[in-house]
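Peer 1: Please read through the structure below; I'll follow up with questions.
The values are calculated or read from the model by the stated rules, or taken from the named source; none is laboratory data. Keep in mind it's a predicted model, so treat the numbers as computed, not measured. Reconstructed Cβ throughout: ideal geometry from the backbone, glycine too, with neighbour counts over all protein chains shown. With ligands, DNA and RNA removed, areas are computed over all heavy atoms of the protein, side chains included. Shrake-Rupley method; radii C 1.70, N 1.55, O 1.52, S 1.80 Å.
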Amino acid sequence: MRYVDFQEEYNRIIAAHTEWVSLPKAEKVAKTASIETDYLELMNHLPSNEHLLNAYGGFLFQTGRHGLAIVLLSQSLNLNPNNADAWLNFGIVLNTQNQFARSRIALQRALQLDKSNPVIHHMLGKNELDDGDPEVALNHLEYSIMLDPNYSASKWLKGVAHLYLNNWMEGWEGYQLGPRENMREYEASGQPVPEWTGQKDIPNLVVYGEQGLGDEILFGTCLRDLRRLLPKTEIVLDVNHRLVPVFQRSFPDFVVESSDRSDGGGLQYNKPLSYKLGFGSLPYYFRNDSESFPQITTYLQYDEGLKNQLSQFYRDGKKPLIGFAWLGGVVETGTMLRSVPLDHFSKLFEAVPNATWLSLQYQKDISKELEPYRSKFDIIHDQNMIDDIDRQMAAIAACDLVVTVTMSVCDFAGSIGKECWTLVPSRPLWRFSHKGKHRLWYKSERLFRQDRAEEDWVPTIDRVCNELKERFK
């Protein structure tokens, strides 16, 4: 390393790191290695610098190396146990690892050292929300907003806490301020297309999917309400390319396209767009109380001919056909909490040994995990069906029942009215609230909740097994 002032070099790296955080994904990937190299070089010279250990630990966390981040942050706190920022970072990482009690202790220590920091109150709110206590979370989030009235992250999380509690109006107001995975921009006559805010008698409106497949389907339950409000407006749906066939079939009076199709050509719709609206904003207009959820929630139409074809293909005589999935989400959305170990889940196979079990698990190569059970049970995994959402919807329709963890499969099933039993973790995502046996979104779905006192999924699986035996006796 060339001779430099170490403080100056530290400041330069921190500035580059701060800029890196807000970069678009492609640029961030391109600059990650350079920042990593700079951190490592400076670490060689300052291995016991508490601030450097804290900053580099934060970078390791942001690049997915949570275990290493915990090691460096622990070292930083050993050097200076009064560093509020290090306690905050330590609490954030622990919360991501679902170590909620340890995270809370770290965040409370940070709060003792820096009582007026809205970020710490925000993270305590997130910790309580992730740990399944939305009421306590609201107290922290409201205090965070009191300290910084412009802190949109806390306003969004406050909205999510209200959604947990089925306080729909307050929930959607905050939810509008939150992060979306794929916010889309459109232009008309060289100008950005504005957000729709309830205007009527408009020429057209593009409603775009900005979240995952399950959320697009969940929020899509509001589309018929939108049509009733705008009977003469040309509504363009810009959905995930895998959902185009089913939405085209279900909404023949809409224009259904996808701007994320493989050729990268964007929308083919050639009229000037008047307004745009994200799928996640639909409930803000149409689901402001529990009474506004419709009694009939089946709204998507599967391919009936394909359903009959797959039924003949998968069924073995009069044996029940049960769809199943046991892994849900990714690290960022709580996969460790939402997924059921296959050795536990396999007890369901034993509960109805004469059934054909149709895997709806979407991960590549997942079929290998099912091999140990195939010698004893009739289990099918058809990757071609999994990779084609339209075929998967038809396959779900062909089943007698679907049993799944909290993932897109329960939205697929609910949207077509298929009976679905969903295994809900004790600390669920807001879409499943924190109590109740049913979701207002889908009438055909039944929830089997893991109790907070249960250490694992075994008691929940046992309850489902008993119900399966009764259902297929």
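Peer 1: Distance in nm between label sites at N98 and Q7, each 7 Å beyond Cα in the beta-carbon direction?
Peer 2: That separation, rounded to one decimal, is 4.5 nm.
Peer 1: Further, regarding this structure: Can you return the lysines within cross-link range of K435? Criterion is Cα-Cα under 18 Å, with same-chain partners fewer than 8 residues away left out.
Peer 2: By straight Cα distance, K435 reaches K443.
Peer 1: A further question follows. If amide hydrogens are placed 1.01 Å from N in the peptide plane, which non-local residues have theirs closer than 5 Å to the one on V424?
Peer 2: Close amide H contacts, sequence-distant or interchain: F448, R449, Q450.
Peer 1: Which of the pairs K200/K276; K364/K437; K437/K469; K307/K376; K319/K437; K126/K155 have their Cα atoms more than 21 Å apart in this structure?
Peer 2: Those over the limit are K364/K437; K307/K376; K319/K437.
Peer 1: Between E467 and K25, what's the calculated FRET efficiency when r is the beta-carbon distance and R0 is 51 Å? Round to 0.05.
Peer 2: Values: r = 43 Å, r/R0 = 0.85.
Plugging the Cβ-Cβ distance into 1/(1 + (r/R0)^6) gives 0.75.
Peer 1: Give me the distance in nm between label points sitting 7 Å out from Cα along the Cα-to-Cβ direction at D289 and H344, one decimal.
Peer 2: Placing both labels 7 Å along Cα→Cβ, they lie 3.9 nm apart.
Peer 1: How much length would be gained if the chain were fully extended between D365 and A453, taking 0.36 nm per residue of separation minus their Cα-Cα distance, in nm to one decimal? Walk me through the numbers on the way to the answer.
Peer 2: Numbers: separation 88, 0.36 × 88 = 31.68 nm, distance 3.41 nm.
Once the chain is fully extended between D365 and A453, it gains 28.3 nm.
Peer 1: Ok, one more. Give me the compactness ratio for the chain, meaning the Cα radius of gyration over 2.2 N^0.38 Å.
Peer 2: Numbers: Rg = 24.7 Å, N = 473, 2.2 N^0.38 = 22.8 Å.
Dividing the Cα Rg of the chain by 2.2 N^0.38 Å gives 1.08.
Peer 1: State whether segment 96-227 is rounded, prolate or oblate according to the following rule on the C-alpha gyration tensor (a ≥ b ≥ c being the square roots of its eigenvalues): a/c under 1.5 gives rounded; otherwise a/b larger than b/c gives prolate, and the remaining case gives oblate.
Peer 2: Values: a/c = 2.51, a/b = 2.07, b/c = 1.22.
Prolate, because a/c is 1.5 or more and a/b exceeds b/c.
Peer 1: Give me the net charge for the shell around V71: Cβ to Cβ below 15 angstrom, other residues only, Lys and Arg +1, Asp and Glu -1. Let's see the in-between values first.
Peer 2: Values: positive: R65, R102; negative: E50.
Charge balance in the 15 Å sphere: +1.
Peer 1: Also, I was wondering about something else. Any idea what angle helix 458-471 forms with the longest principal axis of the chain, computed on alpha-carbon atoms, 0 to 90 degrees, nearest 10?
Peer 2: The answer is roughly 10 degrees.
Peer 1: Quick one: if the Förster radius is 60 Å, what FRET efficiency do A15 and K318 give, using the C-beta to C-beta distance and rounding to 0.05? Mind showing how you got there, number by number?
Peer 2: Working: r = 69 Å, r/R0 = 1.15.
Once rounded, the FRET efficiency stands at 0.30.
Peer 1: Let me ask something else. Using a simple spin-label model with points 7 Å from Cα along the Cα→Cβ vector, what separation in nm is obtained for N44 and M146?
Peer 2: 5.1 nm
Peer 1: Next up: Quick check: at a probe of 1.4 Å, how many percent of the accessible area of the chain sits on carbon and sulfur atoms?
Peer 2: Working: 11040 of 21730 Å².
With neighbouring chains kept in place, the figure for the chain is 51 percent.
Peer 1: Let me ask something additional. Between helix 100-113 and the chain, what is the angle of the helix's C-alpha long axis to the longest principal axis, kept within 0 to 90° and rounded to the nearest 10?
Peer 2: 40 degrees
Peer 1: Checking the cross-link filter: which aspartates and glutamates have an alpha carbon closer than 13 Å to that of K31, excluding same-chain neighbours under 8 positions apart?
Peer 2: Cα-Cα hits under 13 Å: E19.
Peer 1: Place a point 7 Å from the Cα of V330 along the Cα-to-Cβ direction; which residues of segment 210-239 have their backbone N under 13 Å from it?
Peer 2: Backbone N within reach: 211-213.
Peer 1: Could you tell me how many cubic angstrom of Cα convex hull volume segment 1-131 has per residue? Present the calculation step by step, with values, prior to reporting the outcome.
Peer 2: Details: hull volume 14.6 nm³, N = 131.
Each residue corresponds to 112 Å³ of Cα convex hull volume.
Peer 1: Mind checking the per residue accessible area of the chain for me, 1.4 Å probe, whole number of Å²?
Peer 2: So the chain comes to 46 Å² accessible per residue, rounded to a whole number.
Peer 1: Quick check for me: using +1 on Lys/Arg Cβ and -1 on Asp/Glu Cβ, what's the dipole size of the chain about its Cα centre, in debye to the nearest 20?
Peer 2: Working: 51 positive and 62 negative charges, 249 e Å.
Value, rounded to 20: 1200 debye.
Peer 1: Can you give me the long-range amide H partners of E234? Hydrogens built in the peptide plane at 1.01 Å from N, cutoff under 5 Å, separation of 5 or more residues or another chain.
Peer 2: Excluding prolines and chain starts, which carry no amide H, the hits are N204, L205.
Peer 1: Next up: Would you mind checking the tilt of helix 118-130 against the longest principal axis of the Cα atoms of the chain, expressed as 0 to 90 degrees and rounded to 10?
Peer 2: That works out to roughly 30 degrees.
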